[in-house]
Each structure stands twice: as C-alpha cells, then as structure tokens.
1. Is the range B:53-66 home to any residue that is crowded, with 16+ Cβ neighbours inside 10 Å and in a helix (DSSP H, G or I)?
2. Any idea which residue in the range B:450-466 is least open to solvent (accessible area, probe 1.4 Å), counting only those that are free of Cβ contacts under 8 Å to residues at least 40 places away in the same chain and among the acidic types (D, E)?
3. Could you please give the count of residues in the range A:16-38 that are part of a helix (DSSP H, G or I), within 24 Å of A:A67 (Cα to Cα) and open to solvent by 30 Å² or more (accessible area, probe 1.4 Å)?
4. Mind checking whether some residue in the range B:450-471 is touching a Cys at 6+ places or on another chain (Cβ under 8 Å), within 14 Å of chain A (Cβ to nearest Cβ), at pLDDT 85 or above and farther than 23 Å from B:R359 by Cβ?
5. Give me the pairs, please: first residue somewhere in the range B:559-579 and within 18 Å of B:R548 (Cβ to Cβ), second residue anywhere and among the basic types (K, R), beta-carbon distance under 8 Å, and either six or more positions apart or on two chains.
6. When the residues of the range B:437-449 are filtered to those that are open to solvent by 70 Å² or more (accessible area, probe 1.4 Å) and either within 14 Å of chain A (Cβ to nearest Cβ) or in contact with a Leu (Cβ under 7 Å, 6 or more places away or on another chain) (or both), which remaining residue is modelled with the lowest pLDDT?
7. With the condition being within 14 Å of chain B (Cβ to nearest Cβ), buried (at least 18 other Cβ atoms within 10 Å of the Cβ) and of a type outside the set (A, V, I, L, M, F, W, C), I'd like the helices (runs of 4 or more DSSP H) fully within the range A:39-124 carrying at least 3 qualifying residues.
8. Has the range B:333-356 got any residue that is modelled with pLDDT of 80 or more, in contact with a strand residue (DSSP E or B) (Cβ under 7 Å, 6 or more places away or on another chain) and open to solvent by 40 Å² or more (accessible area, probe 1.4 Å)?
Amino acid sequence: MAAKVLIVEDDSSILVPLTFLLEQNGYEVSTAADGEEALAAVARSAPDLVLLDIMMPRLDGYAVCQAIRENPEWGGIKIVLLSAKAGEMDVAKGMALGADAFISKPFANAEITATVQRLLTGPA
Amino acid sequence: MRIRNRFWWFVLLGVLTIIFIMGVLAWFFWLQLAPAERSLLLNILGHNFIYVFTVGVLLLAGLGFAADGVFHVYILPLSKLVEEVTLIATVNPSHRIAMQGSREVDRLVAIINESADRVEALQGRVEERIRLARAEAETEKNILAAFMADLPEGVLICNTDGRILFFNNRAREYLSHNRLSGASTPSGADPFMGLGRSIFTVIDKNLIVHALDEIAEKLNSGETSAAAYFVAVGEGDRLLQVEAVPVLNNRRDFNGFILICKDITAQLEVDSRVNALFKSLVQKVRGSLGGIRSAVEAMIAYPQMAAKHSERFKAIIHEEALRIGELLAESQEAYSRQVLTRWPLVHMPACDLMEAVGRKAETKLGLKLVIYGCEEDIWLRVDSYSIVLAVLFLLERLKTHLGLRDFNCCIERRGHFVCLDLRWIGKPVKLETLRQWEDEELSVAGEAIPLSLREVVGHHDAEIWSNASRRLKNTAYLRLFFPSCTSEAACNLRSITILPESRPEFYDFDLFNQPGQSPDLDDRPLTELTYTVFDTETTGLDPRGGDRIISIGAVRIVNLRLRQEDFFDQLVDPQRPLPPESVEIHGIQPEMLEGQPPIATVLPLFQRYTEETILVAHNAAFDMLMLQLAEAETGIRFINPVLDTLLISSVVHPSQGRHDMESISQRLGISVVGRHTALGDAIATAEIFLKLIPLLAKQGIYTLRDAREASQKSYYARIRY
C-alpha cells in the first residue's frame with residue numbers, strides 16, 4: 001500500500017510541482033494550505049509523513065509540528081520542515097520541536113524524494 | 001643695595017655728622033680764646049698730641065665696635081626675621097625661627113614662633129573642615145572623571161584657542177602618535193598630547209576650523225543642535241569619526257568645544273564588505289535571472305520548437321536556478337558573519353545574567369528559580385536590561401498561565417548556541433500562546449520598555465520556543481536560544497572603573513578661564529604660564545671637558561598644577577665611557593645605557609615635549625649648557641625662555657646662605673623623594689618652583705619679565721660655567 005504524504009504549503013507555485021513530484025514517486029498525496037487545515041487533515045486521516053512549510057499564516061509550521069508531537073497517537077508520523085529561513089538557529093528550533101528533517105528552500109527535487117524515502121523506509 | 005653695605009653707609013654718615021658737629025663747636029671755642037690762650041692751647045696739644053690722638057682713635061674704634069654689635073644683634077636678625085616671618089606667613093606655616101640674637105630679638109622670636117603655632121593649629125582646623133566639605137563634591141567629580149576616562153569613545157575638551165583642557169584614556173590611545181620608532185620609548189611619556197597643549201598637533205587644524213565654522217553657522221541660524229562631524233586619521237592609520245560639539249557659556253558665547261572620537265575603521269570595513277557583497281549578489285542574480293527569463297520567454301513564444309532546443313532551454317533554466325540558490329546561500333552566510341562582528345551588545349556570563357533574573361524573580365514576582373548547569377565560560381552577547389526584563393516577563397506569564405511558583409533554569413551550550421531553559425513540572429505552553437506573548441510589550445511589576453518580547457528576542461538574534469522535555473517525564477520547558485559568544489576578541493570585557501583616591505590629574509576644567517598663550521610671553525603673569533621643569537644627569541660636571549647627558553627627566557606645570565602623569569623620562573647613550581665616580585651620584589650603571597637611543601634621537605623628541613613652554617631647572621645654566629653643547633650634533637636649539645629655581649630662591653631669600661635643592665626644600669617644607677634621578681630631581685624642582693611663585697609675588701615679581709630680570713640681578717647670576 002502506498003505511503004500517505006501530507007504537503008502543507010501556502011505557496012501554490014511550490015505546492016503544485018511538489019504534489020506532482022511525490023505522486024510520480026508513487027505516494028498518496030494530500031495537501032493543506034495552512035496550519036489549521038493541516039491539523040484537521042491529520043485528524044481525519046493520519047499520514048505517514050508531513051512535508052511542512054514553516055512560514056504560514058495562522059498556525060505556523062513549528063506549532064503544527066509541536067501539536068502533532070504532543071499527540072501520542074501520531075507518534076509515527078514523520079515530519080519534514082521546509083523553509084526559506086534556513087539559519088542554524090531555525091534548524092535547531094525545528095529539530096528541537098520534533099521534526100525529523102529540515103529542508104531549506106530552494107531545494108532540489110531529488111533532495112525531497114531522497115529524504116521522504118529515507119524517512120519512510122529507513123529505521124524508525 | 002645689600003643690607004650690610006646699607007648699614008655701614010649709615011654708620012659712616014653718623015660718624016661724619018658727629019665729627020662735623022664737634023668741629024663746629026671746636027671752631028666756636030677757638031674764636032672765644034685770646035691770642036695767648038690760643039698759643040698756650042696749641043702748646044699743650046702739641047706736647048700731648050699722642051694722648052689726644054689715641055683718645056680720638058679709641059673713641060672711633062669704640063663707636064665702630066658698638067655699631068657692629070648693633071648691626072649683628074639688632075639689624076641683621078631683623079632682616080632675617082622679615083624673610084623668615086614671610087616664609088611662615090606664605091608657603092611654609094610649619095617653619096619655625098631658630099635664631100640667636102639680643103634678649104629682645106630672642107623674645108620677639110619666641111613670640112613669633114608661639115603665634116605661628118597658634119595660627120598653624122587654627123589653620124589646620126579650618127583646612128580640615130574645608131577638606132571634609134570638599135570630599136563629597138570631590139567624590140562626585142571623581143565619578144564623573146572616572147566615567148569619562150572609561151568611555152568607549154575618545155573625548156577631548158578644548159578651549160577657544162584649541163588648548164586641550166581634558167582628554168580621556170581612549171582619546172590618548174586614538175590620537176597619540178608613535179614616539180620613538182625603536183625598542184626604547186620614553187616610558188609612558190607622551191610628548192604630543194597633554195593638558196594645555198594644542199589640539200592641532202594631533203588633529204589637522206583645517207578639519208577643526210571647518211567644523212567650528214559649520215557650528216558657528218548653525219548657532220547663528222538659531223539651530224538648537226549644533227554638532228559638526230568629520231573624519232580624522234588617528235594613531236596607526238585608524239579612521240576616527242569625530243563629532244565636534246560647542247561649549248557655550250550662559251550668555252551663549254562660544255567658550256570651547258568637545259571632540260568625541262569613534263574608531264570607525266572596523267565598521268567602515270564591514271560596511272564596504274557588505275556593500276560589495278550586495279552589489280555582487282545583485283549582479284549575479286540579475287545575470288542568472290536574465291538567462292531563465294529569456295529561456296522561458298522563448299519556450300512560451302515558440303511552443304513548437306524542436307526538442308533539442310527545448311531541452312537546451314530547460315537545462316539553462318535548471319542551471320541558473322541552481323546558481324541563484326547557491327548565491328543566496330553563500331551571501332546569507334557571508335552577511336551574517338559580517339553583521340555579527342558589529343553587534344552592539346555587551347558580553348556577559350550567562351550565569352550572572354540568570355542569577356540577576358533569579359533575584360528579581362524572587363523579590364518582584366515571588367517565584368523561586370533554581371539555576372543549574374551553570375558553567376562560568378558560557379558567555380552571551382546581551383543588552384542585559386531588556387533581556388532580564390524579557391525573562392522576568394516570561395516567568396510572570398508562566399506563573400499566571402500555569403499557576404506555578406517553582407521553576408528551574410538550565411544553562412547549556414550547544415555548538416554555537418546557548419540554551420537558557422526555564423523548566424517546570426507540567427504541560428508545555430502552546431506555541432500560539434507564546435506567539436501572543438511575543439507580541440506584547442514588556443512590562444513586569446512596574447518595569448517596562450516600549451518593545452515587544454519579539455523585538456527584544458530578535459534584537460539578540462535569538463529564538464524562543466516552548467516544548468515538552470524528551471528526557472524528563474512530565475517536564476516542559478521554555479527555551480531562549482542565543483548565539484553564543486565564541487570569539488575571544490569579542491568576549492573582551494571593559495576594564496572595571498576604579499575611582500582614584502584623589503582627583504585624577506589629567507583634567508582641569510578651570511583651564512577654561514585661562515587665556516591662550518600669546519607670543520609675548522614676557523608680559524604674562526607667572527601663574528598663567530605652562531612650564532617644563534627638567535633635569536639632566538651627566539657623565540660628569542665638566543660640560544666643556546666632554547661630559548655628556550645620560551638621562552633627561554621632565555614634568556610639566558600647567559595652570560599651577562604639577563602634572564606628574566605628563567612626564568618625560570629617557571636614558572641616553574652618551575657614546576663614551578661612564579666614569580665610575582659619576583655612577584655613585586646618579587646610580588645609572590653603564591649596562592643600563594646599552595641600547596638606549598643617542599642624544600641625536602632624544603633631543604628632537606624632548607624639544608617637541610617642551611614646545612611652547614617655559615623651561616625651568618635648578619641651576620639651569622648647567623643643564624642649558626649641556627643642551628647647547630649637543631646642538632652641534634643634533635641641530636636642535638632650545639629657544640624657550642628659561643627660569644632657574646636657584647636664582648629665584650636667591651631673589652626671594654637673599655639673606656639665606658644656602659640655595660642647594662636640599663636647603664630650599666627644607667626651607668619651603670617640601671619632602672623630596674627620588675633625588676638624583678633626572679625625573680626625581682625634575683619633580684622636586686617643580687615643587688620648589690610652585691612654592692617660589694607666591695614668594696616672588698610678595699616682592700612684586702609677577703610676570704615672566706619681572707622674574708627674569710630679578711634673576712639676572714641676583715648675586716648668583718654672576719656664576720658662569
């Protein structure tokens with residue numbers, strides 16, 4: 001069964017190609033445009049992995065990440081943070097809040113697919 | 001006329017008068033006599049001439065001895081008495097008269113000494129009271145002076161003529177130009193920057209004049225702020241941004257100016273590098289975007305193009321997009337490196353910061369904060385007031401939000417960062433809640449600053465988040481994540497300000513009242529002049545026989561104050577052997593002179609040190625001759641006016657036999673230390689000179705001209721080397 005990936009991103013010029021890319025790689029992709037939508041989507045059907053943009057209106061990526069980590073039922077969900085803010089400080093904060101990986105924009109498509117694949121198939 | 005001569009003229013006149021009166025009486029007596037009586041009298045006198053003559057001589061001798069006795073017992077003591085009483089009444093109240101004379105003189109001396117005791121005791125009490133009253137004001141002044149001295153900026157205050165009235169250490173560091181380019185420099189001395197010196201020797205006159213013109217224009221047009229700025233080159237080619245601020249008196253007349261210097265060398269470098277970085281970034285991104293745009297537009301315009309073209313265009317777009325990504329990453333890193341170098345925050349140990357927070361949390365919020373994991377070498381760059389307030393603000397929010405009173409604080413280093421974790425037992429705060437807090441202005445228990453938590457945290461380049469601890473069950477934390485202070489240089493601490501015991505000597509605001517030095521120094525009062533008091537040590541006492549200078553020491557007197565900190569002290573290689581008997585006098589061993597600069601190097605420097613001052617020395621003729629003999633070799637001439645404390649002492653105390661430095665010091669109540677080093681003797685001479693100035697004034701000697709003329713007339717001026 002195909003792994004489920006949720007992409008949370010408010011910029012459609014990134015959302016569209018990402019969706020296309022992951023679908024091409026055989027994942028079952030759903031999307032959300034902001035943090036609240038994302039949490040609702042996770043609550044409806046927990047994905048295996050969330051690609052999470054940090055800079056979003058309303059609830060930002062850090063908060064979504066923390067909310068997911070607070071719920072023990074969602075402990076298995078992998079979280080990959082995406083951000084154009086990519087200082088050491090941001091990475092440290094993301095990882096401290098429970099993300100599994102941090103990818104900075106602009107990213108290579110290959111980096112996304114490799115990271116997703118590693119997290120979904122590698123040792124948990 | 002000297003007292004002894006004057007007295008004997010007086011005695012001679014007296015004797016002649018007596019002889020004259022007796023002669024007249026004898027003449028009248030002679031006229032009364034009959035011719036027979038006259039011949040009888042002549043007969044008697046002729047036969048007994050030897051007796052009459054002897055009586056006459058004995059009478060005159062008796063008169064002479066009596067006069068001499070009167071002179072020594074009454075006149076001479078009286079004249080000495082005048083000098084000694086003046087001494088007590090002016091410079092040395094502790095001086096007591098020890099003199100033997102007639103009974104009356106002895107009684108007078110006893111009474112004078114007794115009165116002097118009483119006056120001295122009274123004076124002592126008054127002075128003590130004055131001292132106590134001044135102490136408080138002095139402390140405040142010292143705080144100001146110490147604060148000024150340790151300002152990060154260089155500060156100089158000048159009067160209207162550009163004379164330096166004040167400078168702090170930083171100004172000296174920025175502006176004092178290197179003295180000797182060699183191993184040996186006059187230790188600590190700074191010939192080119194000192195009180196009373198001209199600012200124009202360290203900063204180009206044109207720059208200052210221009211700035212002052214600008215200020216004058218602003219003042220004339222009624223502007224309230226009238227500073228002017230310019231950039232000057234300081235010591236070691238550093239660039240100084242100088243702010244000139246006028247000093248006005250209460251009638252708004254120009255009274256001087258303040259110069260505030262900042263070293264902008266580093267900042268300019270950073271600015272220019274950031275500028276260059278930005279320009280190159282823009283250029284390169286424009287280039288790459290140009291490629292992408294043209295490729296994309298071509299593909300849009302010709303959708304049917306051949307596959308090989310479209311593949312090529314896609315490749316271009318891909319490559320250029322990659323390049324822009326790389327450029328941005330590189331630039332971001334380079335920029336943050338540059339910016340960090342000029343971050344204007346203060347460095348402090350994280351422990352100290354959190355201990356301050358802990359104390360305030362307890363007194364202001366009634367919270368208990370236990371600090372652990374505190375290593376002393378964890379440093380932060382912070383604005384301590386706002387960051388303490390920020391942490392207190394968070395603690396207060398946590399207290400109301402969670403209803404807790406106990407928190408732990410854990411300080412930990414992680415790579416380039418430092419975590420300050422506030423921990424508690426319970427649930428973490430939601431990030432949304434934290435975000436609301438971040439938007440609030442900081443205000444805790446009556447203290448507030450008009451900045452939001454977010455602004456304060458951002459200002460520190462820090463991050464803040466809240467989470468549950470992964471390691472400790474039921475524990476949550478709020479983390480302040482700071483860049484740590486790693487660079488050794490950046491961690492340099494400002495030295496602690498220590499209040500000096502007495503008023504620091506390098507400032508004197510009274511100098512504002514001092515008029516500038518005009519070319520005709522001769523008519524200026526002695527009290528207003530600037531002096532270089534100096535002494536030389538030599539290989540021997542025979543300048544013309546080839547003895548040479550081996551040491552020059554000097555201090556300056558500005559505004560009637562001895563400036564011990566502004567000294568010149570330099571050993572000189574005489575380039576000939578040092579006679580052992582001279583070593584016994586000055587204690588300078590031959591090996592101490594090895595590697596010292598020769599006189600040809602030292603004299604130009606000493607001349608700059610003495611520029612525009614009056615030279616003062618004890619027995620100046622000797623030292624001046626030493627300097628003159630070095631003239632042939634160095635081409636340096638000292639044309640400054642010269643005063644000699646030996647001559648002045650003989651002017652002030654003509655009845656005193658001894659005018660060597662020990663005797664004068666003892667007479668004036670000066671305790672001398674460090675004799676027979678050039679600098680020690682220069683300082684002693686300066687102290688003597690300061691005490692001689694008021695004594696000269698007592699004799700109506702006020703100006704430099706008066707002093708020089710009186711010295712010249714003095715008996716000792718006849719001594720020539």
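The values are calculated or read from the model by the stated rules, or taken from the named source; none is laboratory data. All values reported here derive from a predicted model rather than from experimental measurement. With ideal geometry, Cβ positions are generated from the backbone for all residues, glycine too; neighbour counts draw on all protein chains shown. Side chains included, ligands, DNA and RNA excluded: accessible areas come from the protein's heavy atoms. Shrake-Rupley method; radii C 1.70, N 1.55, O 1.52, S 1.80 Å.
1. Kept after step one, since they are crowded, with 16+ Cβ neighbours inside 10 Å, are these residues of the range B:53-66: none.
Scanning the range B:53-66, I find no residue that is crowded, with 16+ Cβ neighbours inside 10 Å and in a helix (DSSP H, G or I), so the answer is no.
2. B:E463
3. 2
4. Kept after step one, since they are touching a Cys at 6+ places or on another chain (Cβ under 8 Å), are these residues of the range B:450-471: none.
Checked the range B:450-471: no residue is touching a Cys at 6+ places or on another chain (Cβ under 8 Å), within 14 Å of chain A (Cβ to nearest Cβ), at pLDDT 85 or above and farther than 23 Å from B:R359 by Cβ.
5. From residues that are within 18 Å of B:R548 (Cβ to Cβ), the pairs are B:V572/B:R548; B:P574/B:R548; B:Q575/B:R548; B:R576/B:R548.
6. Filtering the range B:437-449 for residues open to solvent by 70 Å² or more (accessible area, probe 1.4 Å) gives B:439, B:441, B:446.
Going one step further and asking which of them are either within 14 Å of chain A (Cβ to nearest Cβ) or in contact with a Leu (Cβ under 7 Å, 6 or more places away or on another chain) (or both), we end up with B:439, B:441.
Values: B:D439: 90, B:E441: 86.
The residue in question is B:E441.
7. Numbers: elements: A:61-70, A:88-96, A:109-121.
The helices (runs of 4 or more DSSP H) meeting that bar are A:61-70, A:88-96.
8. Yes, the range B:333-356 has at least one match.
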